[in-house]
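The values are calculated or read from the model by the stated rules, or taken from the named source; none is laboratory data. Just so it is clear, the structure is predicted and the values come from calculations on it, not from any experiment. Counting neighbours? That spans all protein chains shown, and the Cβs are built from the backbone with ideal geometry, glycine included. Surface accessibility is based on the protein's heavy atoms, side chains included, excluding ligands, DNA and RNA. Shrake-Rupley method; radii C 1.70, N 1.55, O 1.52, S 1.80 Å.
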Amino acid sequence: MVRAAALLALLGALVGWYESAPNIGGVSLWHAIVLIAFVLMPASFLLVWLALPLWSSRLLFPAGVVLVALAVFFEKVVDFAIGANFCKLGALTLLGWWFLTFFEALSWVMLVALLIPWVDAYSVWRGPTKKITEGHAHVFSALSVAFVVPGGGAARLGLPDVLFFAVFLGASVRFGLRPVWTFLGMLVGLGLTMILATWWNVNGLPALPGISLGFLLPNADLLRQRLRRPALEH
């Protein structure tokens, strides 16, 4: 009950911020990046942390589908972008945990963590993500979660990034790793990705490398032990 109350309170605070931010005077680029990397993004993903006890629920898939439908309704029917934004965050979180149920061993999660950064990097620099962000901004807007800063500007994180954040966080619990350090590590990875993209003045950097490293590095010793000494995993 405490986690549920905290989740609802934080969600209400974030919705209030998103409603008021466009009416606040704008800030400089670096101030916006710091606000996103150290406040808005951690606060938004804290919702995922607070919902973490649901990672093994049998209702993950239907609940995720309901949130997808709500996101579409909010965005396309009633033009409530803020509601759609948080429904997308919730939907991809629940669907990520549902996806995790298909991983029978920790080694599968490790393999995904090692492979998806390369796929994401190709997609961002040469593949579908590059084409969408450069030529179809409205599509990327629909397929991403926004972090809104004063003045109404926003940074966006692709839905696959949210999904794998949930997968790795859920895996850290399911396979007895370090959930707190995994959560913090992935947030650091995302924050550094934003900072480097701004520093290097590029249109965007793939976020999954930072998320994957945020999962792998804090758990490196435990992962190595599991590979050397396979154990029963639930």
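Dimensions of the chain based on its C-alpha atoms, expressed as ranges along the principal axes with the largest first, amount to 56, 42, 28 Å.
Rolling a 1.4 Å probe over the protein heavy atoms of region 157-234, with every protein chain left in place, gives an accessible area that is 67 percent carbon and sulfur.
Computed with a 1.4 Å probe over protein heavy atoms only, the accessible surface of region 1-134 comes to 57 Å² per residue. Length gained on full extension, Ile82 to Arg178, computed as 0.36 nm times the residue gap minus the Cα-Cα distance: 31.4 nm. How far, in degrees from 0 to 90, does helix 2-20 lean away from the longest principal axis of the Cα atoms of the chain, to the nearest 10? Tilt of helix 2-20: around 30 degrees. If exposed chymotrypsin sites (Phe, Trp or Tyr not before Pro) are those in a DSSP loop with at most 10 other Cβ within 10 Å, what is the longest stretch of the chain that has none? So the longest stretch without any such site is 1-101.
Arrange the residues Thr101, Thr193 by how much accessible surface each exposes, largest first, with a 1.4 angstrom probe.
Correct descending sequence by accessible area is Thr101, Thr193.
Within the chain, which is the longest segment containing none of the trypsin sites (Lys or Arg not before Pro) that sit in a DSSP loop and have at most 13 other Cβ atoms within 10 Å?
On the way: sites that count: Arg58, Arg126.
Value returned for the longest uninterrupted segment is 127-234.
In region 149-234 the Cα-Cα distances spread across 5 Å bins starting at 0 as 3, 14, 21, 20, 16, 11, 7, 4, 3, 1, 0 percent of all pairs. Only helical runs count toward this figure. For the chain, summing -39,500 (n - 2.57) over DSSP H runs of n ≥ 4 and dividing by all residues gives -21500 deg cm²/dmol at 222 nm.
Estimate the FRET efficiency between Val65 and Glu19 by the formula 1/(1 + (r/R0)^6), using the beta-carbon distance for r and 41 Å for R0, to the nearest 0.05.
About 0.90, to the nearest 0.05.
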